[in-house]
Amino acid sequence: MNANIYSFILIIILAVTGYFFLIPDGPHYQGAIIGLVFGAVLFFFRKRSGKVSNNIVVGMIIGLIISGLSALIFFALIDGLAIENHYVPYIKIAVFIALAYFGLHYGWTLGSRFSLKNMLASLKGESEVYSKRKILDTSVIIDGRIADIIETGFMEGPVVIPQFVLKELQAIADSPDSTKRNRGRRGLNILRKMQKKGDTYLEIWEQDFPDVKEVDLKLLELAKQINGKVVTNDFNLNKVAQLRGVEILNINELANALKPVVLPGEHMNVKILREGKEQNQGVAYLDDGTMIVVDDARTMIDKSVDVEVTSVLQTTAGKMIFAKYLGD
């Protein structure tokens, strides 16, 4: 449904509830006008800020309906007690405003965390899966490995593509720099590939944070609001997220964890591809890209040799293996 229709429904509900409840013992049309003005303010806020998604508007409508019913029950109880006091109308107004506020507030919260897909999943007993959305950042989309990870089935739940990430990808794809342009187009092609697969539910998230300038910080704000996890390969974003208490899935850490374990004393056959930094060193690589620095193998470039592992060094960039050439 169109976002403007959702907003129109919300304004009508606010006007109706204002008419019947806001001024119980006075001119009802004044309550309706107040409800209309309140709804118009919310609509203007939505248009200006772009912060309110369709899910949030629906959540606010549901919250307002529940608060209206609660107010109706409370008013019926008050009327049943037949209290003769000129403060009663003001108490009713205060209770109605308080319930309306909490209804809108919790409707906003629930709307930001749930969608129709989530509710259907909840009915099927899959609510835990759908409560943790995976939010993709720009770098991990361009990287491309995320599409393969999702295809294997190791990542469950809906995948969120924020609108501001799409805008950044589009800006990169339109860059005059050919390298950036190719990276941006690669990212957009990856998203199209993921959409065509159809195995994973992709959500294009409309909500934005105009007051926040950097895309990385917007990702963290969105993750906190919808209780999601940010999927990235950005080392710096990983550190900032830890400081802000946001959960991160770093695919570089996943790749490092899946690399085969190599122990000192193990023998292997590798091809020396280039010279090392130190004298008499040669450099080889495993199939997963792990670098092997081989002593006494500088003269064996472009040849396959037998080596013995002497040590393994774990760095932030991955593993480095040190070995010695065993000779002919």
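Taken together, the values in this text are just the output of simple stated rules run on the coordinates, not laboratory data. Every value quoted in this text rests on a predicted model; they were computed, and no experiment measured them. When we count neighbours, we look across all protein chains shown, and the Cβ atoms used for this are built from the backbone with ideal geometry, even at glycine.
For segment 267-325, with only Lys/Arg (+1) and Asp/Glu (-1) charged at the beta-carbon, what is the dipole magnitude about the Cα centre, in debye rounded to 20?
In total the dipole reaches around 120 debye.
Could you name the aspartates and glutamates in cross-link range of LYS271, using Cα to Cα under 16 Å and dropping any fewer than eight places away on the same chain?
Leaving aside aspartates and glutamates fewer than 8 places away in the same chain, those within reach of LYS271 are ASP287, ASP288, ASP295, ASP296, ASP302, ASP306, GLU308, ASP328.
When a footprinting reagent is the concern and you count Cβ atoms within 10 Å, what order do LYS324, LYS239, LYS134 take, fewest first?
LYS239, LYS324, LYS134
Which order do the peptides 301-310, 154-163, 171-180 come out in when sorted by mean C-beta neighbours inside 10 angstrom, highest first?
Packing order, densest peptide first, comes out as 154-163, 301-310, 171-180.
Cut-off is 10 Å between beta-carbons; in what order do VAL215, VAL16, VAL293 appear when sorted fewest neighbours first?
VAL16, VAL215, VAL293
Determine, from the Cβ-Cβ distance of GLU206 and LYS132 and an R0 of 22 Å, the FRET efficiency 1/(1 + (r/R0)^6), rounded to the nearest 0.05.
It comes out at approximately 0.65.
As a quick test, which of the pairs LYS132/LYS197; LYS134/LYS197; LYS277/LYS303; LYS218/LYS319 have an alpha carbon distance above 23 angstrom in this structure?
Listed pairs above 23 Å: LYS218/LYS319.
Taking the beta-carbon count within 10 Å as an exposure proxy, list TYR101, TYR325 from fewest neighbours to most.
Lowest to highest Cβ neighbour count: TYR101, TYR325.
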